[in-house]
1. Could you check the simple spin-label distance between Ala9 and Asp198, using points 7 Å along Cα→Cβ, in nm with one decimal?
2. For segment 66-79, in order, what is each residue's ³J(HN,Hα) by Karplus, 6.51 cos²θ - 1.76 cosθ + 1.60 with θ = phi - 60°, in whole Hz (x at glycine and Pro)?
3. Which is the longest stretch in the chain that no exposed loop site breaks, taking sites as trypsin sites (Lys or Arg not before Pro) with a DSSP loop state and at most 10 other Cβ atoms within 10 Å?
4. When only Cα pairs under 8 Å and 6 or more residues apart are kept, what is the percent relative contact order across the chain?
5. Straight-line reach from Lys284: which aspartates and glutamates fall under 17 Å, measuring Cα to Cα and dropping same-chain residues less than 8 apart?
6. With charges only on Cβ, +1 for K and R and -1 for D and E, what is the dipole size of the chain about its Cα centre, in debye, rounded to 20?
7. Starting from the Kirkwood Rh over alpha-carbon pairs, what translational D in µm² s⁻¹ does the chain have by Stokes-Einstein at 20 °C and 1.002 mPa s?
8. Excluding Leu192 itself, what net charge comes from residues whose Cβ is under 11 Å from its Cβ, given Lys and Arg +1 and Asp and Glu -1?
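Laboratory data are not the source of any read-out in this text; all were calculated from the coordinates shown. Everything quoted here is computed from the prediction, not taken from an experiment. Here the Cβ positions follow ideal geometry from the backbone for every residue, glycine too, while neighbour counts run over all protein chains shown.
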Amino acid sequence: MKAAVLHEAGGIPRYEDFPDPVAGDGEVIIDVKAVAVENVDRAIAAGTHYASEKYTGRFPAIPAFDGIGALPDGTLVGFGNIRLPYGALAEKTVVPQGSYMPIPDGIDPAVVSVMASAVTAMSMKTAAGFVPGETVLVQGATGVAGRLAVKVARLLGAGRIVATGRDDDQLREVQAIGADTVINTAVSDEALAQAYLDAKGDGYDVVVDYLWGRPSEILLRALVPRSFAFGKPTRVVQIGESADTEIALAGSSLRTSGVEIYGAAKGLDPQTMDEAYQQIVTWKRSGELTFDVEKVPLSDIETAWQRTDLKGRRLVVMP
Ligand SMILES: NC(=O)c1ccc[n+]([C@@H]2O[C@H](COP(=O)([O-])OP(=O)(O)OC[C@H]3O[C@@H](n4cnc5c(N)ncnc54)[C@H](OP(=O)(O)O)[C@@H]3O)[C@@H](O)[C@H]2O)c1
C-alpha cells in the first residue's frame, strides 16, 4: 500500500510503499478515508512532544494517531489506538477491535476529522462552566481551533467575545465570524497589557487559551488589580501552546486577581464528552457551525506537511 513514511524524528513524511498491515487476533483493518493533520502530529513526528517516544520510537513509522475510515463491512468510523509502526496517514491501518466509533451519518468524513477541535472549544463550558452572557477571551483565535472557539462561544451565547492573533488580515476574518473586539499580540509587552485592559470591559469571565507563552503571561500579569480591590474571577482554560510551552506565573497573579486556571480535560467524562460532541454535530447539521478544511491527496503529503499558508484552514489528507 501507499503511506506517508517517516524515517527519522524531525523528518518529512514521504509518499512511499509500505507493507500492508495484516490483522492479528482481535484486530481489524481500516480503509483510511480522512486524516486531519494537526500541530500535535507534527510535534510527535518532530520528536518534541511528550508522546513522541511512544508513537515514533522506531522507524520507519507512519504518522498521525487517529482518523476516519471504513471497516471491512463499509461502516464509516472514527478510529484510534493504531498498532505501531502503522499510523493513520496511509491507505490502510490496523487497530484493535472496538477502537472505533461510527461517525454521524451524512457528514463529510473530512469535516468529521476536524470536529474534535470544536469539541475542545466546548471546554469553555465543560471545564470553565461558561454560562450565556459571559465575556470570553479567545487567545490564538486566528488558528483553526481558535476560530472554532469564537464560533462556539457565539453559539453558546457569549455576551462579548474578545479574540487575539498576530495578523491584522486574519483578525478581520475573526471579527467577521463573531469576535466583537480583536487584539493584535504582535506589539510591545506594555502595549499588549494595555490592550488586554482596554478590551476587558467588566472583565473576562472565561479565557480559552490556545497560545500560552508570552501573550498569556502578559494577560495574567495585566489581570492583577492595581489596588487591594477584589479581582474579578476569570476562569482560564489551557488548551494549546502555539506561542510557547511555558509561562512564568507570578504568585500575585493567582493570589489577587481571581484567576483560576484549568486544563481542557477538566470536567470531561464519557457523558460530558458525548454531550459536547453531539452539540457540535447538531450545529454542523443545522449549518450554524462551519469547518474550513483543505483536502489534499496522500500523494501530496510531502508538500502538504510543510505548508504554512493554511490560515485557519485544517489540512485533511484523503488517502
Ligand atoms: N487539546 C486539544 O484537544 C487541542 C485541540 C486542538 C488544538 N489544540 C492545540 O491548540 C493550539 C492551536 O491549534 P490549531 O490547530 O488552532 O493551530 P493552528 O491552526 O496552526 O493555529 C495556530 C495559531 O497560533 C498562532 N501563533 C503561533 N505562534 C504564535 C505566537 N508566538 N504568538 C501568537 N500567536 C501565535 C498562529 O498565528 P499565525 O497564523 O499568525 O501564524 C495561528 O493563528 C495548538 O497548540 C494545538 O496543539 C489542542
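1. In this crude label model, Ala9 to Asp198 measures out at 4.4 nm.
2. Karplus values, whole Hz, x for Gly and Pro: 7, x, 10, x, 10, 6, x, 8, x, 5, 7, 9, x, 10.
3. Values: sites that count: Arg58, Arg226.
Longest stretch, sites excluded: 59-225.
4. On the way: 699 pairs, mean separation 57.3, N = 319.
Result for the chain is 18 percent.
5. Asp105, Asp108, Asp274, Glu275, Asp292
6. Values: 30 positive and 41 negative charges, 138 e Å.
The calculated dipole for the chain is roughly 660 debye.
7. Working: Rh = 20.6 Å.
D = 104 µm²/s.
8. Net of charged neighbours comes to -1.
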